[in-house]
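Taking it in order: structure first as structure tokens, then the write-up.
Readers should treat all values here as calculations from the given coordinates under stated rules, not as data from a laboratory. Not measured: the values here are computed from a predicted model. Cβ placement follows ideal geometry from the backbone for every residue including glycine, while neighbour counts extend to all protein chains displayed.
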Amino acid sequence: MKGILTKDLYLIKKTCKFYLIFLLPIMIISMGVPLNTIENPYGFLFYFTVVTALIPSTAIPFTLISNDEKSGWNTYSVAMPYTRKEIVSSKYICSLMLTVSSSLICFLLQCLNLFLRKSGSFEMTLVTLLGNVIIAVFTLSMILPFLFKFGVEKGRLVYTIATACIYAMIFSTTSVVQTISIQISPWIDVAVIPCILILLALSWYLSVVFFQKREF
Amino acid sequence: MNALEIKDLRKNYSDFSLDGLNLTLPTGCIMGLVGENGAGKSTTIKLILNMVHKDSGTISIFSKDHQQYDRNIKEDIGFVLDEVGFPGTFYWKDIHKVMSRTYKNWDEPLFLKYMKQFHLPENKKFFEYSKGMKMRLGLAVALSHHAKLLILDEATNGLDPVVRDEVLHILSEFTRDESHSILISSHIVSDLEKLCDYIAFLHQGRMMLCEEKDILCERYGMLRCTSQQLNQIEPSAIIGKKENAYGTEAIVRRDRIPTSFTISPVSLEELFVFMVRKDVSL
């Protein structure tokens with residue numbers, strides 16, 4: 001498992017330079033965008049979601065699996081002393097690690113934004129953080145089983161459909177967050193966490209089953 | 001003990017079937033898998049390495065079931081497939097780090113020795129390597145974790161004659177240790193002829209023969225004669241023949257040919273081509 005994780009992390013390090021070039025401007029722009037309000041529901045939160053949830057959770061698994069297919073590593077690795085379960089798990093671990101670390105970076109940025117503007121609420125920031133992690137894990141959980149079942153080429157179709165769903169979710173989450181922050185307890189997101197974790201576990205299980213059956 | 005034992009192995013695809021394959025590779029020996037494109041060589045190797053799932057039959061490696069002891073067995077297997085599948089953006093130092101965390105018995109000094117011996121540049125990414133360089137790196141990885149069984153699928157293809165000779169020498173050295181064995185498939189039958197103790201001929205998913213190389217050379221020979229002379233020979237003695245305007249060439253079983261005929265030695269390539277084509281008129 002250590003070997004395959006090392007390989008995935010090296011690959012992420014090498015390919016993430018491209019994403020950093022893409023992400024940094026978004027992060028900087030997001031600092032100058034007004035915080036979400038009822039009048040401006042797609043303010044900071046929109047950029048925040050793009051940076052913390054959408055890009056790492058969709059692009060990274062695609063990059064990893066597509067690279068493996070292109071280089072022939074997916075064929076090679078199954079002949080090495082890794083179990084197929086480990087190969088699948090490594091993709092989940094790396095994608096989650098990236099999602100969590102980018103979420104934390106953006107959380108700190110949002111806290112800085114709050115401090116500098118001296119407006120908005122910390123509760124809203126926490127709810128946003130949770131919301132984004134949930135969207136990221138949801139996206140990962142949806143995409144990975146399809147990639148393990150069909151490979152990247154066919155998986156692209158699923159990716160397109162999933163992306164449409166994610167965008168729909170972002171917009172609906174934004175309005176939900178507004179409502180939550182104003183009317184209901186912000187901790188309602190916490191209740192979603194067990195459901196998302198169950199979805200993640202189910203997704204991992206399905207990916208393992210699909211990958212066990214694949215032939216190279 | 002046998003390094004590899006395959007019994008009645010079957011695998012069906014819509015357009016191809018591996019049909020009841022039986023094969024035994026004793027420890028300390030080198031076996032060459034010969035066959036035309038699509039004969040089932042790569043499928044056999046992929047089945048051994050658990051990359052595809054068998055329909056029926058058994059595969060034992062060092063007397064252990066290859067599925068039940070998959071992980072342990074793979075620690076003892078070094079392999080090179082026709083496409084060496086390391087990530088293109090990796091330098092060999094990155095591959096070295098990954099492999100050192102993959103194989104328990106990874107031998108860093110040995111790997112570095114091969115890097116030097118194979119003249120593999122440190123500052124080039126894997127995708128910038130030529131096919132020959134990729135093969136050499138694949139071979140270095142396969143040899144650097146003290147594997148007891150090497151499985152090579154078309155591993156000498158794409159190598160220039162000098163490097164190929166060097167690789168064949170390394171493979172010969174590898175089997176000096178009596179606990180080491182090699183299963184190698186190649187289109188270059190002359191390489192296998194130099195290297196192998198056993199030869200297995202695959203044709204359309206069936207094992208035509210699996211025998212010691214020396215026995216094959218003793219058993220079969222090339223008969224050059226006229227077609228009238230060939231007609232005097234018992235048909236079961238003729239493995240395959242080729243007729244042209246200048247006469248007839250036939251691969252025959254030496255023990256069934258009258259002593260009055262002169263039989264010359266046959267190369268493995270000739271034996272294989274004649275066996276597959278059976279009867280060719282040019």
Quiz item: How about segment B:1-90: which trypsin sites (Lys or Arg not before Pro) there lie in a loop by DSSP and see at most 13 other Cβ atoms within 10 Å?
Solution: none
Quiz item: By DSSP, what percent of the beta bridges with both residues in segment B:63-221 are antiparallel, rounded to the nearest 5?
Solution: 40
Quiz item: So for the pair A:E215, B:K93, with labels modelled 7 Å out along Cα→Cβ, what separation do we get in nm?
Solution: 4.2
Quiz prompt | Most mobile of B:A140, B:A39, B:A237 in a GNM of chain B (Cα contacts under 10 Å) | solution = B:A237
Self-check item: For chain B, built as a Gaussian network whose Cα springs stay under 10 Å, the top-fluctuating residue of B:G40, B:G240, B:G85
Solution: B:G85
Self-check item: Amide H contacts under 5 Å for B:H180, placed H, 5+ residues apart
Solution: B:G28
Quiz item: Placing +1 at every Lys and Arg Cβ and -1 at every Asp and Glu Cβ, with all other atoms neutral, what dipole size does segment B:1-129 have around its Cα centre, in debye to the nearest 20?
Solution: 400
Quiz item: Which Rg and Dmax, in Å, describe the Cα atoms of the protein assembly as shown?
Solution: 29.9, 109
Practice problem: Starting from the Cα of A:L24, step 7 Å along the direction of its Cβ; do the same at A:L112; then give the gap between the two resulting points in nm. | Solution: 1.3
Practice problem: With label points built 7 Å along Cα→Cβ from the Cα atoms of A:E123 and B:S236, find their separation and express it in nm. | Solution: 9.5
Quiz item: So who's got an amide H within less than 5 Å of the one on B:M208, skipping anything under 5 residues away but keeping other chains? H placed 1.01 Å off N, in plane.
Solution: B:F201, B:L202, B:H203
Quiz prompt | Residue order, fewest to most beta carbons within 10 Å, for B:H96, B:H66 | solution = B:H96, B:H66
Quiz item: When only Cα pairs under 8 Å and 6 or more residues apart are kept, what is the percent relative contact order across segment B:1-135?
Solution: 22
Self-check item: Helix-only mean residue ellipticity at 222 nm for chain B, each DSSP H run of n ≥ 4 adding -39500 (n - 2.57), per residue, nearest 500
Solution: -9000 deg cm²/dmol
Practice problem: Return, for the Cα atoms of segment B:105-147, the radius of gyration and Dmax in Å, separated by a comma. | Solution: 10.2, 29
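Arranged by the count of other C-beta atoms within 10 angstrom, fewest first, what order do A:T125, A:T99 take?
So the residues, fewest neighbours to most, are A:T125, A:T99.
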Quiz item: Cα-based Rg of segment B:2-204 per 2.2 N^0.38 Å, rounded to two decimals?
Solution: 0.99
Self-check item: FRET efficiency, 1/(1 + (r/R0)^6) with R0 30 Å, evaluated for B:K124 and B:F16 via beta carbons
Solution: 0.20
Self-check item: Total charge dipole magnitude, chain B, about the Cα centre, Cβ charges on Lys, Arg, Asp, Glu only, Debye to nearest 20
Solution: 440
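Neighbour counts of other C-beta atoms within 10 Å: give me B:D70, B:D107 arranged from fewest to most.
By the 10 Å Cβ count, ascending: B:D107, B:D70.
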Quiz item: Going 7 Å from the Cα of A:C165 toward and past its Cβ, which residues in segment A:196-216 have a backbone nitrogen under 20 Å from where you end up?
Solution: A:196-211
Self-check item: Projected-area average for segment B:217-281 over all orientations - Cα convex hull basis, square nanometres
Solution: 4.0
Exercise. Name the residue farthest towards the positive end of the dipole of segment B:93-216 from the options B:F127, B:H146, B:L216, assuming +1 on Cβ of Lys and Arg, -1 on Cβ of Asp and Glu, about the Cα centre.
Key: B:F127
Quiz prompt | Antiparallel bridges, percent of DSSP beta bridges restricted to the protein assembly as shown (to nearest 5) | solution = 60
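Give the percent of DSSP beta bridges with both residues in chain B that are antiparallel, rounded to the nearest 5. Before the final figure, lay out each step's value.
Values: 34 of 55 bridges.
The answer is about 60 percent antiparallel.
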Exercise. Scan around B:D153 for amide H atoms under 5 Å from its own, H built in the peptide plane at 1.01 Å from N, and keep only partners 5 or more places away or cross-chain.
Key: B:V80, B:L81, B:D82, B:S185
Quiz item: So if we plug the beta-carbon distance of B:Q204 and B:K104 into 1/(1 + (r/R0)^6) with R0 = 30 Å, what FRET efficiency do we get, rounded to 0.05?
Solution: 0.15
